[in-house]
């Protein structure tokens, strides 16, 4: 198991609502990335935060936004939920400038979001 | 969009046999990684191979990389029931700096 924790584990929302997902990164990791994984697909990169600033974004609309806090934990916010937002949302942390293979990601167990 | 495509999409083998999964990608890369996912939960990093490496081993895993063909393979030797999972290749290239582009995955089932 990694030291990355996500909450909640499951969430049910209705279309048009807003949702906030939370992630605590592994100790010593200053970079947090968020991924969306639809059923039967591979994860898709949403965005990355490094030292509290967005550091790259995938092909997701602005209603997907995030924050990183001084302790490197992070939030993913999704506004105006759509049915297609139903997916497993994965948070991953990495050390950026540690020793060894800094590029590898340590994933949390994910939040399963269902939009009805 | 998915950068990589794994092949096959699903694979079932007997325990003790070797399992080979292939991954193709589209653009130039810095490195290629393989991850395992059990039952739709978090992904676990297995192995990383850099663009200037051709082969790498870790325990029962062997990864090869052919940048001229933009392809990689993952070999799991002497498979065990616990190896049952989905396997994904991921490349760091499009976005850089640990922003990975994942393939579609291979669902591996080990039959006891």
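Determine, yes or no, whether residue A:55 is in a loop (DSSP other than H, G, I, E, B), at pLDDT below 95 and within 16 Å of the chain's Cα centre (by Cα). Considered against the rule, which asks whether it is in a loop (DSSP other than H, G, I, E, B), at pLDDT below 95 and within 16 Å of the chain's Cα centre (by Cα), residue A:55 comes out as no. Just one of the listed residues (A:21, A:81, A:76) is buried (at least 17 other Cβ atoms within 10 Å of the Cβ), more than 11 Å from chain B (Cβ to nearest Cβ) and in a loop (DSSP other than H, G, I, E, B), namely A:81.
Against the condition assigned to a loop (DSSP other than H, G, I, E, B), under 30 Å from residue A:116 (Cβ atoms), out of contact with any strand residue (DSSP E or B) (no Cβ under 9 Å at 6 or more places or on another chain) and without any contact (Cβ under 8 Å) to a residue 60 or more places away in the chain, how does residue A:70 come out, does it pass? Criteria not met by residue A:70. If you go through segment A:1-14 and keep only what is surrounded by 13 or more Cβ atoms within 10 Å (Cβ to Cβ) and over 14 Å from the mean Cα position of the chain (by Cα), you end up with A:2, A:3, A:11, A:13. Checking each residue of segment B:9-16 against the condition of being touching a strand residue (DSSP E or B) at 6+ places or on another chain (Cβ under 8 Å), under 18 Å from residue A:42 (Cβ atoms) and surrounded by 16 or more Cβ atoms within 10 Å (Cβ to Cβ) gives at least one match.
If I filter segment B:55-74 for residues that are buried (at least 18 other Cβ atoms within 10 Å of the Cβ), within 21 Å of residue A:38 (Cβ to Cβ) and in contact (Cβ under 8 Å) with a residue 40 or more places away in the chain, do I get at least one hit? No, segment B:55-74 contains no residue that is buried (at least 18 other Cβ atoms within 10 Å of the Cβ), within 21 Å of residue A:38 (Cβ to Cβ) and in contact (Cβ under 8 Å) with a residue 40 or more places away in the chain.
Checked against (1) touching a residue at least 40 places away in the same chain (Cβ under 8 Å); (2) farther than 17 Å from residue B:7 by Cα, residue B:109 passes all but a single condition, namely (2). Looking only at segment A:88-104, decide whether some residue is in contact with a helix residue (DSSP H, G or I) (Cβ under 9 Å, 6 or more places away or on another chain), at pLDDT 95 or above and more than 9 Å from every other protein chain (Cβ to nearest Cβ). Checked against the condition, which is being in contact with a helix residue (DSSP H, G or I) (Cβ under 9 Å, 6 or more places away or on another chain), at pLDDT 95 or above and more than 9 Å from every other protein chain (Cβ to nearest Cβ), segment A:88-104 yields no hits at all. Can you find a residue that is out of contact with any helix residue (DSSP H, G or I) (no Cβ under 7 Å at 6 or more places or on another chain), under 23 Å from residue A:91 (Cβ atoms) and part of a loop (DSSP other than H, G, I, E, B) anywhere in segment B:50-70? No, that holds for no residue. Any residue at all in segment B:7-20 that is facing chain A (nearest Cβ under 10 Å) and assigned to a strand (DSSP E or B)? No, segment B:7-20 has no match at all. Across segment B:84-100, the number of residues qualifying as in a strand (DSSP E or B) and either modelled with pLDDT of 90 or more or more than 7 Å from every other protein chain (Cβ to nearest Cβ) (or both) comes to 7. Looking only at residues in segment A:27-49 that are more than 26 Å from residue B:9 (Cβ to Cβ) and surrounded by 19 or more Cβ atoms within 10 Å (Cβ to Cβ), the one that is modelled with the lowest pLDDT is A:29.
The values are calculated or read from the model by the stated rules, or taken from the named source; none is laboratory data. Values in this document were obtained by computation on a predicted structure and should not be read as measured data. Quick reminder, even Gly has a Cβ in these numbers, built from the backbone with ideal geometry, and neighbours come from all protein chains shown.
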